[in-house]
Each structure stands twice: as structure tokens, then as C-alpha cells.
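Taking it in order: structure first as C-alpha cells, then the write-up.
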Amino acid sequence: MSAKKEGTGKKLSVKVVHSSKQGCSISVRDAEMDARATQAVKAAVAKAQFCKKPIAKYDLVAKRAYVEYANGERRYVN
């Protein structure tokens, strides 16, 4: 997903665009930047997993953030 700022002055809103419809909503340069940012995050998570460091994640079902450790243990954030 990507976001686009709309408006002028002090009142700004963010429009969330689904990835399947981003071709008609954002420029090619913005889409490329989104793709690079996504790949950078994936690389950082893979490096953290390789180094056996804890990784912060979000549980969509429970709607809570948690930290996942290398041994598979999850600790939910209060």
C-alpha cells in the first residue's frame, strides 16, 4: 500500500491506495520508490533473523504488536 498527501495549507489528508490500483494514482517514480523501500525492509528483517535478533511484528487477528525472538517465542506488547 502507499499513501498520497492531498490538500493545501495546514489541512492535509492521507489517501491510502491499494497496491493493485497504485498505477493510476501515483507516478512511476513513486511506485519505484515504494518497491525499493519494501525490498529494504525485507532485507533488514532477513538480516535480523539471520543474526538471531528479535523482530517487532503485528498480529492482524489479535490486533496487537509483539516481539518475536529467534527461538519462536512471542511476547505481546501491552
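Laid out as a table, the results:
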| quantity | calculated |
| --- | --- |
| Of LYS10/LYS57; LYS11/LYS42; LYS11/LYS63; LYS11/LYS53; LYS15/LYS57, pairs whose Cα-Cα distance is over 31 Å | LYS10/LYS57; LYS11/LYS42; LYS11/LYS53 |
| For region 29-37, Karplus couplings with θ = phi - 60° (6.51, -1.76, 1.60), whole Hz, Gly/Pro x | 5, 5, 5, 5, 5, 4, 5, 5, 5 |
| Computed Rg/Rh of region 9-78, alpha carbon atoms with Kirkwood Rh | 1.11 |
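No value in this document is a laboratory result; all are computed from the given coordinates. All values derive from a computational prediction rather than experimental measurement.
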